[in-house]
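Participant: Sharing a structure here in C-alpha cells format.
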Amino acid sequence: MTKKEEIKQALGDLTDKDLIPHYKTVFLPDSVELENVEPFLNSDSIEQKTCLTILSNSCKELKADFNNYLLDTYETLEYTDDRLTFPDIGNISRFIVWKFKFNDTNCFDKVFEYAELILNNGSESTKNLIIVGLFEGIQNVCGWHQVDYYKGFDKWLRPNSKKAWDDLIDFWEKGKK
C-alpha cells in the first residue's frame, strides 16, 4: 500500500467541508469588537487563559468563530472552570487551516505575531499550549487535509515560532523511522 493510500484509508471520508464549523453562527465578524490585548502582551508571564484571549482577538473573523465555538461548547463566553485550553486552542488551529486552505489569510500576520509574543513571554504551560496546542494542532489538521505545513506557513512564523514549528516536525519525523 502506498503512503497516499494509507492516508486515504486512515482519513476515511474526511473532506475539506470538515474544516468548516459545524456549530451555529451567532456572532459574525461585524458583530464583535476586538479587545485591547496590548496590556496582556506586556506581561512578564502570560497564562493560558490570557493566551486564548490574545489569540482570539487577532482579527474579527477569528473572534466571531471562537465566540461561536465557546457558545456551542460551553454555552457561555465567560471563562469557567470547565473550560479546557487544549480543545479551545485546537479550535483556533482548525480555523487557521480552514482559512489557509481557502486562501483567506488576512489575519495570519497578527495571529502569528501574537503567537511569537506569547512564546517569548508565556509561562511554561502557556508556551506548551502554543507549541503543542496551536502549532502541532495546525500541523495535524494540515496533514488530514493535505496542506503543506512543512513550508506553507513560513512567511508568518517569527524566529522562535519557526524553531518550535520545525522542532515539532523533526520530532515526529524521527519518530516515524
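The values are calculated or read from the model by the stated rules, or taken from the named source; none is laboratory data. A quick note: this is a predicted structure, and the numbers were derived from the prediction, not measured. Cβ atoms come from the backbone with ideal geometry, glycine included; neighbour counts cover every protein chain shown.
Participant: Look through the stretch 115-135, keep the residues that are under 12 Å from the mean Cα position of the chain (by Cα) and surrounded by fewer than 22 Cβ atoms within 10 Å (Cβ to Cβ), and return whichever of them is farthest from GLU38 (Cα to Cα).
Facilitator: The extreme case among them is VAL132.
Participant: If we scan the stretch 41-48, do we find a residue that is without any contact (Cβ under 8 Å) to a residue 40 or more places away in the chain and part of a helix (DSSP H, G or I)?
Facilitator: No, the stretch 41-48 contains no residue that is without any contact (Cβ under 8 Å) to a residue 40 or more places away in the chain and part of a helix (DSSP H, G or I).
Participant: Restricting the search to the stretch 57-84, which residues are at pLDDT below 95 and part of a loop (DSSP other than H, G, I, E, B)?
Facilitator: Scanning the stretch 57-84 gives GLU75, THR76, LEU77, GLU78, TYR79, THR80, ASP81, ASP82, ARG83, LEU84.
Participant: Suppose we filter the stretch 101-118 for residues that are assigned to a helix (DSSP H, G or I) and at pLDDT 95 or above; how many remain?
Facilitator: Going through the stretch 101-118 one residue at a time, the tally reaches 11.
Participant: Follow-up question, since we're still on this one. Would you tally the residues in the stretch 65-92 being buried (at least 21 other Cβ atoms within 10 Å of the Cβ) and under 11 Å from the mean Cα position of the chain (by Cα)?
Facilitator: Total satisfying the criteria: 5.
Participant: Return the pairs, sorted by first residue and then second, in which the second residue is of a type outside the set (Asp, Glu) and not in a helix (DSSP H, G or I), the first residue lies in the stretch 127-142 and is farther than 13 Å from ALA115 by Cβ and touching a residue at least 60 places away in the same chain (Cβ under 8 Å), the beta carbons are less than 8 Å apart, and the residues are 6+ apart or on different chains.
Facilitator: From residues that are farther than 13 Å from ALA115 by Cβ and touching a residue at least 60 places away in the same chain (Cβ under 8 Å), the pairs are VAL141/VAL147.
Participant: Another question, if that's okay. Out of (1) surrounded by 13 or more Cβ atoms within 10 Å (Cβ to Cβ); (2) in a loop (DSSP other than H, G, I, E, B); (3) at pLDDT below 60, what's the single condition that is false for ASP18?
Facilitator: Single failed check for ASP18: (2).
Participant: Quick one: LEU168 ticks every box in (1) closer than 26 Å to ASP44 by Cα; (2) outside any helix (DSSP H, G or I); (3) touching a helix residue (DSSP H, G or I) at 6+ places or on another chain (Cβ under 6 Å); (4) not polar (S, T, N, Q) bar one, so which box is it?
Facilitator: (2) is the only condition that LEU168 fails.
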